[in-house]
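Student: This is the structure, below, for whatever I ask next.
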Amino acid sequence: MAQIAYHCRNLKQLDISYCCKISHESLALIGRNCSNLKILKRNLMNWLDPSQHEGVVPPEYLNACPQDGDTEAAVIGKLMPQLVHLEIRFSKLSAKGLGSICEGCLKLEYLDLSGCANLTSRDILNASNLKDLKEVKKPNFYIPRSVFHTERYGHWRLYDERFQTDVFRI
C-alpha cells in the first residue's frame, strides 16, 4: 500500500475489497497521500454466514479480516474528505463509525452499507449527512437460522412458553 500511496498521488479510484491484510494504517497512508481519491471500495467477506465461503475461502483469511470498522471509518472520515462514492459492505462499523464518515465526507453521494450488521435503521436515520446522499444501500441482510441454532419458528415457541399465549386461544 505504501508503494501505491507514494507513487500514485493522483489516484481517483481504489478498490481494496476482500483484502484482509489492509488495516486502518494503510487507509491512513492512502488518505494522506492520495488527496484526489473520489471512489473507495472497501468491501469485506460476509462474516455473518461463513458457510457461504466454506471450502472456497480459508478460515484464516476470514479470521484475519478487520474487526474494528469504527477505526477504519474514522480514518476515512478524517483523511478522505473528497470521497463521492464509498462501499464498505460487511464492515463491522457501528453508529460511531458511521458518524465519523458523515462528519468528514461531506461530498459523499453514494454509500453502500450492505451487511453492516452493527448498524440499526435508527443509526442510519440519525446520521447527519446521509439525507443529502443520492443513494444509500442500507444493511439489508439475512442471518440464517443456523447461526442461532434454532429450529424453524422456535422463537414463537419460546414466546408462547414465556407469556402463556394459550390463555388467549378460543
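Student: Among 106-115, 91-100, 126-135, 19-28, what's the highest-first ranking by average C-beta atoms within 10 angstrom per residue?
Tutor: The densest-packed peptide leads the list: 91-100, 106-115, 19-28, 126-135.
Student: Give me a comma-separated list of calculated 3J(HN,Hα) values for the stretch 127-135, in order, Karplus coefficients 6.51, -1.76, 1.60 applied at θ = phi - 60°, integers in Hz, x for any Gly or Pro.
Tutor: Whole-Hz 3J(HN,Hα) from phi for the stretch 127-135: 5, 5, 7, 5, 5, 8, 6, 6, 8.
Student: Shifting gears a bit: Under the rule of at least 5 residues apart or a separate chain, name every residue whose amide H is placed under 5 Å from the amide H of residue 137.
Tutor: Here the answer is 111, 112, 113, since their amide H atoms fall under 5 Å of that of residue 137.
Student: Right, next: Just tell me which lysines come within less than 17 Å, Cα to Cα, of residue 21; anything on the same chain fewer than 8 places away is out.
Tutor: Counting by Cα, and skipping residues close in sequence, residue 21 has these lysines nearby: 41, 92.
Student: Rounded to the nearest 0.05, what FRET efficiency do residue 121 and residue 4 have when you use their Cβ-Cβ distance and R0 = 45 Å?
Tutor: 0.80
Student: Still on this structure, I have one more. Between residue 15 and residue 38, how many nm apart are label points set 7 Å from Cα along the C-beta direction?
Tutor: 1.7
Values quoted throughout were computed directly from the atomic coordinates according to the rules given, and no laboratory measurement underlies them. Given the structure is predicted, the values throughout are model-derived calculations rather than measurements. Cβ atoms come from the backbone with ideal geometry, glycine included; neighbour counts cover every protein chain shown.
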